[in-house]
Amino acid sequence: MYQAIVFLPLLGFLIAGLFGRQLGARPAEILTTGLLFVSAALSWVTFISVGYGHAPLNVPVLANWISSGTLHIDWALRVDTLTSVMLVVVTSVSSLVHLYSIGYMHEDPARQRFFAYLSLFTFAMLMLVTADNLVQMFFGWEGVGLASYLLIGFWYEKPSANAAAIKAFVVNRVGDFGFALGIFMIFALTGSVAFDQIFAAAPGLAGKPIHAFGLTMDAMTLTCLLLFMGAMGKSAQFLLHTWLPDAMEGPTPVSALIHAATMVTAGVFMVARLSPLFEQAPAALAVVTVVGATTAFFAATVGLVQNDIKRVIAYSTCSQLGYMFVALGIGGYSLAIFHLFTHAFFKALLFLGAGSVIHAMHHEQDMRNMGGLRKDIPFTFWMMTIGTLALTGFPFTAGFYSKDAIIEASYAASAHSSAATYGFLMTLIAAGLTSFYSWRLVFMTFFGARKGAAQDAHHHHDDHAHDDHGHDHGHHAPHESPMVMLVPLGALAVGALFAGIAFSGSFIGHAYDEFWKGSLFTGAGNHLLHDMHNVPFIAVYGATIMMVLGFLGSLYVYVIAPGTAQRIAAQHRLIYTFLLNKWYFDELYNVIFVRPAFWLGRLFWKGGDGRIIDGMGPDGISARVIDVTNRVVKLQTGFIYHYAFAMLIGVAAIITWYLVGGVR
């Protein structure tokens, strides 16, 4: 069964990718989607049998992969509770995205290729979460990176899509370099890359020094920081976050798949999986907390002023990933995975709901050109509202149980950690900002006067629109999406409403020990889940208060007193511009890294390769040969007396050599 879960998406990729043209678009869609639904059904069976049943840890070995000296790596599937949770998240969201894409991409001529890429992405993610060793995890890690590159740049004829795909690929390589170094460090310290051997050796490595980069450092701290560097790239944490908003250049279903449940949560999963290592490195955990808290705040501030409906949700994803890393940093690994689990439902719901809005508006994405859509697309409106309620932490929705628990836990941990205090403050502020920009999206899109219908066709800000869809902007009335797009919204809405109340007891409550069965490791001094039940009023209800304040502020600015936002922006132009330009990170990186890299590349290309290597090498030699032959050719005049003269000179030269040097 476990093999089927992992390899059915691969089968769909191979069939749709190799034989898509022969099959046709519709059979390829049905085949890949059907295989994903089978995989999702088996994943839920696994989740129930492993998480709630008594199924033991299962590691079926598929093959011996690498044997080199003392390094032995098996291709094995590690199936424990943590894996089963990720299997459910990945396959459920992916199958619904496949189904949704049948409607959303129905006009695209390259649907077979799109569905093949989706299935490849899902397979790579499943390989990552079922890995039994770090090398296999790295294989899935890089496979996800490749598939995301293909999906973000799916509309490859658009320069902006190509640039976004390359940016995502390059920024992730920065993080992956750190991840690879971390794997090398672990092998150097333990002599293995298999999880069981690493986890067994971890307690003995606490406090062990190591000489690296000319310094003497704590071995586990350095190792965990390098591993976290990989997580920062994949999960778009502060400083390595710049690729995530640009990834909106891909089709909307790609945004839902990459940013909701799969690729961006890989870093969270990796840190949780390696919890036995991180528990031995409290300094590294403090860094994780600070980076996560900074990300939560930073992304929330930028989300306040974005006008592209997908970019608002993208920054929301970035912010929520920050929450997850705060939970990891304070030792609440189950809290992070619980928020990962609930977030997958409501964030996928929001992205696919945004896709439904874009579909209704004929691929318009600028919220300033929308308004009043709740009457035209009522089902989408209610689904987006449910997703927003869950995201902002409205009582008894999924986000209320997972996000608020992280804020409470960070307050509980602040008693003995200044990093946790910072985490509490940043996540609490971010909760208010999240509520404001989330309701801003709803109010600008679904309330007020219709603005899109009056716009000229040329005013479609939609930098993600695709010519193949062939829609004119503003010349058609908004319309509800087809049923194949609405059914996934309904399914995700159920998860957004009830995933928290249904699973909180297992993930972070009374059934914690029985549910996790040791798949998450916490040190003997880690009593976070117990301590968080004894926090004061401000910590328990602080997030809810911030959520209400954010809602009221957004309601006033965008519904009760429209035009207030423009006045505030005009009064605080400096701050508004700073946030609109995303704290100028893209411009900063362009000056520090991109331009010098291009200058260096041109120097080596034109100066090194062109002038030196080619000039002194093949091009130079061939030029000299041509010069010589051009001179020799001039001897061929066609006059007999010239040839006779040359022969006489030759005879004279031979006689001279014979007389002078040939006689001994």
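The values are calculated or read from the model by the stated rules, or taken from the named source; none is laboratory data. Remember, it's a predicted structure, so these values are computed and weren't measured experimentally. Ideal geometry is used to build each Cβ from the backbone, glycine not excepted, and the neighbour counts take in all protein chains shown. Accessible surface is based on the protein model in full, side chains and every heavy atom, while ligands, DNA and RNA are left aside. Shrake-Rupley method; radii C 1.70, N 1.55, O 1.52, S 1.80 Å.
If packing is taken as the mean number of other Cβ atoms within 10 Å per residue, what is the order of 202-211, 520-529, 28-37, highest first?
28-37, 520-529, 202-211
Give me the percent relative contact order of the stretch 123-200, please, defined on Cα pairs under 8 angstrom at least 6 residues apart.
Worked out over the stretch 123-200, it gives 27 percent.
Pop out the ³J(HN,Hα) list for the stretch 385-391 in order, Karplus 6.51 cos²θ - 1.76 cosθ + 1.60 with θ = phi - 60°, rounded to Hz; leave Gly and Pro as x.
5, 4, x, 5, 4, 5, 5
In vacuum, with every alpha carbon of the stretch 317-429 counted as one equal point scatterer, what does the Debye formula give for log10 I(q)/I(0) at q = 0.11, 0.14, 0.19 Å⁻¹? Two decimals, please.
Log-scaled intensity ratios, in q order: -0.43, -0.62, -0.90.
So what is the relative contact order of the chain, in percent, for Cα pairs below 8 Å that sit 6 or more residues apart?
Reported as a whole number, the value is 13 percent.
Please report, as a whole percent, how much of the solvent-accessible surface of the chain comes from carbon and sulfur atoms (probe radius 1.4 Å).
After summing per-atom areas, the C and S share lands at 70 percent.
Let me have the 222 nm mean residue ellipticity of the chain computed from DSSP H runs of 4+ only, each contributing -39500 (n - 2.57), with the sum over all residues rounded to the nearest 500.
Result for the chain, helices only: -22000 deg cm²/dmol.
Looking at Trp243, Val633, Thr216, which one has the Cα that reaches farthest to the positive end of the dipole of the chain (charges on Cβ: Lys, Arg +1; Asp, Glu -1)?
Val633
In debye, nearest 20, what is the charge dipole magnitude of the chain about its Cα centre with +1 on Lys and Arg Cβ and -1 on Asp and Glu Cβ, if you could check?
For this selection, approximately 1100 debye.
Restricting attention to the alpha-carbon atoms of the stretch 182-333, what are Rg (one decimal) and Dmax (integer), both in Å?
Looking at the stretch 182-333, its Cα Rg and Dmax stand at 16.8, 52 Å.
Quick one: how many Å² of Val290 are accessible to a 1.4 Å probe, rounded to 10?
Only protein atoms counted, so the area is about 60 Å².
Whole-Hz ³J(HN,Hα) for each residue in the stretch 127-133, computed from phi via Karplus 6.51 cos²θ - 1.76 cosθ + 1.60 with θ = phi - 60°, x for glycine and proline: what do you get?
Couplings: 5, 5, 7, 9, 5, 9, 8 Hz.
Please give the length that would be gained between His211 and Ile166 if that part of the chain were fully extended, namely 0.36 nm times their separation in residues minus their C-alpha to C-alpha distance (nm, one decimal).
Full extension from His211 to Ile166 adds 12.7 nm.
Go ahead and collect, in residue order, the members of the stretch 17-46 whose backbone nitrogen is under 14 Å from a label point 7 Å along the Cα-Cβ direction of Ala4.
35-46
Just order 367-374, 82-89, 148-155 by mean Cβ neighbour count inside 10 Å, highest at the front, would you?
Ranked from most to least packed, the peptides come out as 82-89, 148-155, 367-374.
Too long at a 24 Å Cα-Cα cut-off: which of Lys158/Lys606; Lys234/Lys347; Lys234/Lys310; Lys347/Lys582?
Lys158/Lys606, as the Cα separations exceed 24 Å there.
Go through Leu579, Met546, Ala405 and say which Cα lies farthest out towards the positive end of the charge dipole of the chain; charges sit on Cβ, +1 for Lys and Arg, -1 for Asp and Glu.
After comparing all options, I get Leu579.
Only Lys, Arg, Asp and Glu count, each charged at its Cβ (+1, +1, -1, -1), so figure out the dipole size of the stretch 509-664 about its Cα centre, rounded to 20 debye.
That gives a dipole near 920 debye.
Given a Förster radius of 41 Å and the C-beta distance between Val494 and Leu71 as r, what FRET efficiency does 1/(1 + (r/R0)^6) yield to the nearest 0.05?
Calculated value: 0.35.
What's the FRET efficiency of Ala569 with Phe593 using the Cβ-Cβ distance as r and R₀ = 22 Å, to the nearest 0.05?
0.10
Can you give the log10 of the normalised intensity I(q)/I(0) at q = 0.11, 0.12 Å⁻¹, computed with Debye over equal Cα scatterers of the chain?
Treating every Cα as an identical point scatterer, log10 I(q)/I(0) equals -1.09, -1.30.
Cα centroids of the stretch 75-144 and the stretch 181-219: how far apart, whole angstrom?
30
With a point put 7 Å past each Cα toward its Cβ, work out how far Ile654 is from Gln197 in nm, to one decimal.
Simple spin-label model gives 7.7 nm for this pair.
Once phi is turned into ³J(HN,Hα) by the Karplus curve 6.51 cos²θ - 1.76 cosθ + 1.60 with θ = phi - 60°, what whole-Hz value does each residue of the stretch 93-106 show in order, with x for glycine and proline?
Per residue, the Karplus-derived 3J(HN,Hα) values read 5, 5, 5, 5, 5, 4, 4, 4, 5, 4, x, 5, 9, 5 Hz.
Return the long-range amide H neighbours of Ala131 (sequence gap of 5 or more, or a different chain), with a cut-off of under 5 Å between placed amide H atoms.
For Ala131, the qualifying residues are Arg78.
Cα centroids of the stretch 476-529 and the stretch 221-274: how far apart, whole angstrom?
Here the answer is 19 Å between Cα centres.
Would you give the gap between the C-alpha center of the stretch 368-440 and the C-alpha center of the stretch 11-61, rounded to a whole Å?
The distance from the Cα centre of the stretch 368-440 to that of the stretch 11-61 comes to 32 Å.
Pairs of alpha-carbon atoms within less than 8 angstrom and 6+ residues apart define the contacts here; what relative contact order does the stretch 189-278 have, in percent?
Value for the stretch 189-278: 27 percent.
Whose amide H sits under 5 Å from the amide H of Leu62, counting only residues 5 or more places off or on another chain, with H placed in the peptide plane?
Trp75, Ala76, Leu77
With viscosity set to 0.890 mPa s and temperature to 25 °C, compute the Stokes-Einstein D of the stretch 1-146, Rh being the Kirkwood radius across alpha carbon pairs; µm²/s, no decimals.
Stokes-Einstein gives a translational diffusion coefficient of 156 µm²/s.
Give me the accessible area of His479, 1.4 Å probe, in Å² rounded to the nearest 10.
Roll a 1.4 Å probe over it and His479 shows about 60 Å².
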